[in-house]
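The values are calculated or read from the model by the stated rules, or taken from the named source; none is laboratory data. Only a predicted model underlies this, so the values are computations on that prediction, with no experimental measurement involved. Every residue, glycine as well, gets a Cβ built from its backbone with ideal geometry; the counts of neighbours run over all protein chains shown.
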Amino acid sequence: MTDNNASATRDADRVVIFDTTLRDGEQSPGASMTFEEKLEVADILDELGVDIIEAGFPIASQGDFESVFEIAKRVKNATIAGLARAAAKDIDRCAEALRHARNARIHTFISTSPVHMKYKLQMEPEKVLEMIASSVSRARNHVADVEWSAEDGTRTEHDFLCRCVETAINAGATTINIPDTVGYSTPQEYEALFRMVRERVPNADKAIFSVHCHDDLGLAVANSLAGVRGGARQIECTINGIGERAGNAALEEVVMATRTRPDALPFRTNIDAELLTRASKLVSAVTSFPVQYNKAIVGRNAFAHESGIHQDGMLKNAHTYEIMTPESVGVSKTSLVMGKHSGRHAFKEKLKELGYELGENALEDAFKRFKDLADRKKLVYDEDIVALVDDEIVTA
Ligand code: KIV
Ligand code: ZN
């Protein structure tokens, strides 16, 4: 077993990154990927240093089976996981898809909340417990690495959740995931939930606990990090935060939060952060899901500054307005965007970059014309500035 295998990872501060871009991410309405695109995404996830790649849901379709099968064959480092409901046919199909993986994980789940058991499963809690035991032990007969998830875990009654977790661990689960399936939890609640389960379940230390958060209230990353504070050591996340409805916790955000604030979040991941931008662009291209301009870490404005005060600060010292360097996430440099909020300092620097050195009066004149233009246009491009200065030189 490699260090990538969650069950082998007992280093107290190490958090395992379980990427589900190819499974939960692909469940975003409209985000489906072709077979070849999935292989490309799997390759970059492996290069990125993701510990576990959830490659798909093999029983869901022949296409899903084939992509999990192929990814399991080609990926060199990461553990490959496949999803399976608590049904024998799902679990056996999943095991078949993972046959050639160097490290394989079966991820099986069942709902545990009152609303899901009553309406979705139409099953009594005792029956759910039986199914947990049988599904996990069936998965364990195929592979040593089995993850069990309590779907809708955050809306599950606490005593019952503890019984479910204990049953899953007794049946051989090595990772226990308590998802916030509908993005309902808050950081305080989610942290307390992990503490409570880990304290009350007698065999809790035999498994690694995992967070899986959806972003319905915009709390997926905060909740994930809170769960880690509560003792979880695996984060399930996706590139660009794609996923069901409002999406999942964004991988790039959890990774950079731990890297930028080790004082507040003393956890480490194995991710090569310099590849984050490339991975984000690839996932955006293959899913045709644009990344919002102001998206943390990978949005096009994440390292762009327009206001005069900020540009002036940045030109004096980048620490004034940047808490991480663009290079650290694979962006070549900070951009000072020229617009109506830009000041003289940035304008003068831009002129220098474009090869112009103007005297005081000419500079003042050009700056005034630039401001007039910026009032009419949203953004002023380099060509606009060149035209404006050339015009200034001719008319002077
Ligand atoms: O959100 C969820 O509960 C899931 C499970 C299948 C893990 O995606
Ligand atoms: Zn999910």
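Exactly one of (1) surrounded by 22 or more Cβ atoms within 10 Å (Cβ to Cβ); (2) among the polar types (S, T, N, Q); (3) modelled with pLDDT under 95 is unmet by residue 9. Its number?
If we test residue 9 against (1) surrounded by 22 or more Cβ atoms within 10 Å (Cβ to Cβ); (2) among the polar types (S, T, N, Q); (3) modelled with pLDDT under 95, just (1) comes out false.
Please determine whether any residue of segment 169-184 is of a type outside the set (Gly, Ala, Ser), closer than 30 Å to residue 246 by Cβ and more than 24 Å from the chain's Cα centre (by Cα).
Checked against the condition, which is being of a type outside the set (Gly, Ala, Ser), closer than 30 Å to residue 246 by Cβ and more than 24 Å from the chain's Cα centre (by Cα), segment 169-184 yields no hits at all.
Report whether or not residue 259 is out of contact with any Ser or Thr (no Cβ under 8 Å at 6 or more places or on another chain), of a type in the set (Lys, Arg), part of a helix (DSSP H, G or I) and touching a residue at least 24 places away in the same chain (Cβ under 8 Å).
It is false that residue 259 is out of contact with any Ser or Thr (no Cβ under 8 Å at 6 or more places or on another chain), of a type in the set (Lys, Arg), part of a helix (DSSP H, G or I) and touching a residue at least 24 places away in the same chain (Cβ under 8 Å).
Starting from residues that are away from ligand 2 (no atom under 16 Å from the Cβ) and either part of a loop (DSSP other than H, G, I, E, B) or within 26 Å of the chain's Cα centre (by Cα) (or both), keep the ones in segment 106-124 and report whichever is surrounded by the fewest Cβ atoms within 10 Å (Cβ to Cβ).
122
Name, by its number, the condition in (1) farther than 19 Å from residue 103 by Cα; (2) of a type in the set (Asp, Glu); (3) surrounded by 18 or more Cβ atoms within 10 Å (Cβ to Cβ); (4) free of Cβ contacts under 8 Å to residues at least 40 places away in the same chain that does not hold for residue 46.
(1)
Only one of these conditions is not met by residue 2: (1) farther than 18 Å from residue 285 by Cα; (2) modelled with pLDDT of 95 or more. Which number is it?
All conditions are met except number (2).
Examine segment 33-40 for a residue that is assigned to a helix (DSSP H, G or I), free of Cβ contacts under 8 Å to residues at least 24 places away in the same chain and away from ligand 1 (no atom under 16 Å from the Cβ), and state whether such a residue exists.
The answer is yes, given that some residue of segment 33-40 is assigned to a helix (DSSP H, G or I), free of Cβ contacts under 8 Å to residues at least 24 places away in the same chain and away from ligand 1 (no atom under 16 Å from the Cβ).
Give segment 121-158 a look and list any residue that's within 12 Å of ligand 1 (Cβ to nearest atom) and on the phi < 0 side of the Ramachandran plot, or say none.
147, 148, 149, 150, 151, 153, 154, 155, 156
Given 198, 163, 155, 140, which one is touching a residue at least 24 places away in the same chain (Cβ under 8 Å), more than 30 Å from residue 93 (Cα to Cα) and among the charged types (D, E, K, R)?
The match here is 198.
Go through 249, 232 for me and flag whichever is under 24 Å from residue 107 (Cα atoms) and within 14 Å of ligand 2 (Cβ to nearest atom).
The unique qualifying residue is 249.
Is one or more of the residues making up segment 83-98 touching a helix residue (DSSP H, G or I) at 6+ places or on another chain (Cβ under 8 Å), away from ligand 1 (no atom under 16 Å from the Cβ) and not in a helix (DSSP H, G or I)?
Yes: one or more hits.
Tell me which helices (runs of 4 or more DSSP H) are completely within segment 288-396 and hold 1 or more residues being in contact with a Phe, Trp or Tyr (Cβ under 7 Å, 6 or more places away or on another chain) and not hydrophobic (A, V, I, L, M, F, W, C), or say none if there are none.
Passing ranges, in order: 308-316, 344-353.
In segment 196-217, which residues are more than 21 Å from residue 18 (Cβ to Cβ) and either part of a helix (DSSP H, G or I) or within 16 Å of ligand 1 (Cβ to nearest atom) (or both)?
Once the filter is applied, which keeps residues that are more than 21 Å from residue 18 (Cβ to Cβ) and either part of a helix (DSSP H, G or I) or within 16 Å of ligand 1 (Cβ to nearest atom) (or both), segment 196-217 yields 196, 199, 200, 217.
With respect to residue 182, is the statement that it is surrounded by fewer than 20 Cβ atoms within 10 Å (Cβ to Cβ), within 16 Å of ligand 1 (Cβ to nearest atom) and either within 30 Å of residue 30 (Cβ to Cβ) or among the polar types (S, T, N, Q) (or both) true?
Criteria met by residue 182.
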